[in-house]
Amino acid sequence: MKQPIRMPALSDTMETGRIVRWTKAPGDPVRKGDAVAEVETDKAVLDVEAFADGFLAGPLAPVETDIPVQAVIAYLAGSREEALAEPAAAETAPAPGGAAGDGASAPPPASPASPAAPAAAGTPPPPAPREPAGDRVPASPYARALARDLGIDLTALARPDGRPLRAADVLAAAVAPPAPDLRAGPPYRLERPTAARAAVARTMTAAVATPVFRLGGRLPLAVLRDAAEAAGVSLTLALARAAALTVADHPLFNRVWTPGGLAVRDRVDVGIAVDTPAGLVTPVLRDMAGRPLEELAEAWERLRDQAQAGRLAPADYAGATFYLSNLGMFPVVEHFDAVVPPGAAAILAVAALGEDGRADCTLTCDHRVIFGADAARFLTTLAGRLAQPDAWL
């Protein structure tokens, strides 16, 4: 008997996965742990592994389609003959949104209509009631009630994969800025964003609710650049190390605001922004203030290579307590500031090195956690550390 292979939940926040390609074909033998498909999540492309020995069987879920977690994407058969046999109708993989447990179900077949009573002579039959378009969109009862109360058109929120809308979707639409009106401009077409770009958009939208302030300064980087080159590490890694040590000196920067109070973290985990072909990702170096530089350099090389290949696991990019964004490799960038991602209280943006050996650096802070004088003290400590890298690098 064929066993279903389901779309796994590869991260805590994953709701759908997009199959990039199948690495096995129907009838191919697979062993437990073999990769049978590659799935794109919000940050990386990860493997779907076989849970037992057997033979891959179809029907295979289509590639480049968002498929809900736990939906059937393929089957595992006990023999090659069984794998290549014509699948029964009940074995057909459900279309996205039709997975068991996702709240969507096909409507029951209509029963034969009973003969209607003849209308009175000369009296036209009453018009059939029109079903509101929004009522045809799959949604939970609570989401429908919220949409009615808030005046939200559910048709504008319908998911491409057909999954039912939830109350959170309606609330997000209620507080979101209005969609741009493109009707007066040139013709256009809609392009589906990659999962990584959509994740960045969600994160940045959530970050808008954070009350922040920015503090900038010209920090000495020429000495650090030379010291990093002599030590055989990148300037970005050296900057992250300096920032982590400074966070350790100013532990307020390692806290984050939560509804229950300030979350205090004792370990400094730094997320470093990396530009990749798939978009922006932030690999996280753990315990940057406590681990040896050589160990951090090896870890950073691995993370950077995996980020460029789109192979970061969720544990590689989640949970940073402080962030660094370095655009100093672009000489034209004289100044910029960055957005504080949720889960941290500050991010340091570093621009290009000037002729005076200094770079414009901007510290963006969550004002619920950090005040102006706190940020000024942080930058003062960081500037002193950057000017004397031999003492710590």
Task: Close pairs from segment 336-361: first more than 19 Å from ARG265 (Cα to Cα) and free of Cβ contacts under 8 Å to residues at least 40 places away in the same chain, partner open to solvent by 20 Å² or more (accessible area, probe 1.4 Å) and of a type in the set (A, V, I, L, M), Cβ under 7 Å, at least 6 apart - done: PHE336/LEU327; ALA351/LEU327; ALA351/VAL333; ALA352/VAL333
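For residues that are of a type in the set (A, V, I, L, M) and open to solvent by 20 Å² or more (accessible area, probe 1.4 Å), scanning just segment 377-387, find the one that is nearest to VAL284 (Cα to Cα).
Of all residues in segment 377-387, those of a type in the set (A, V, I, L, M) come to 379, 382-383, 386-387.
Filter once more, so that each one left must be open to solvent by 20 Å² or more (accessible area, probe 1.4 Å): 383, 387.
On the way: ALA383: 23, ALA387: 25 Å.
Across segment 377-387, the extreme among qualifying residues is ALA383.
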TODO: Filter the helices (runs of 4 or more DSSP H) completely within segment 190-298 down to those with at least 2 residues that are of a type in the set (Asp, Glu), free of Cβ contacts under 8 Å to residues at least 40 places away in the same chain and within 21 Å of ALA383 (Cβ to Cβ).
DONE: 222-231
- [ ] Filter segment 215-239 down to residues that are in contact with a strand residue (DSSP E or B) (Cβ under 8 Å, 6 or more places away or on another chain) and loosely packed, with under 14 Cβ neighbours inside 10 Å, then give me how many there are.
- [x] 0
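Residues are listed down the side, and each one gets a yes or a no for (1) touching a helix residue (DSSP H, G or I) at 6+ places or on another chain (Cβ under 9 Å); (2) open to solvent by less than 30 Å² (accessible area, probe 1.4 Å); (3) modelled with pLDDT of 85 or more:
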site	(1), (2), (3)
THR13	yes, no, no
TRP22	no, no, yes
VAL48	no, yes, yes
PRO68	no, yes, no
ALA77	yes, yes, yes
Open item on the list: Here are the criteria: (1) assigned to a helix (DSSP H, G or I); (2) open to solvent by 30 Å² or more (accessible area, probe 1.4 Å); (3) over 29 Å from ALA320 (Cα atoms). Tell me which single one VAL170 does not satisfy.
Closed with: (2)
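Given segment 310-393, what strands (runs of 3 or more DSSP E) lie entirely inside it while holding 1 or more residues that are basic (Lys, Arg)? Show your work before the answer.
On the way: elements: 322-326, 346-353, 358-366.
Fully inside segment 310-393 and qualifying: 358-366.
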- [ ] Sort out which residues of segment 340-376 are farther than 24 Å from ALA387 by Cα, buried (at least 16 other Cβ atoms within 10 Å of the Cβ) and in contact with a Ser or Thr (Cβ under 7 Å, 6 or more places away or on another chain), and write them in order of number.
- [x] VAL340, PRO341, ALA344, ASP366
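The values are calculated or read from the model by the stated rules, or taken from the named source; none is laboratory data. No experiment lies behind these values; they were computed from the predicted model shown. No Cβ is skipped: glycine too gets one built from the backbone with ideal geometry, and neighbour counts run over all protein chains shown. Heavy atoms of the whole protein, side chains included, go into the accessibility calculation; ligands, DNA and RNA do not. Shrake-Rupley method; radii C 1.70, N 1.55, O 1.52, S 1.80 Å.
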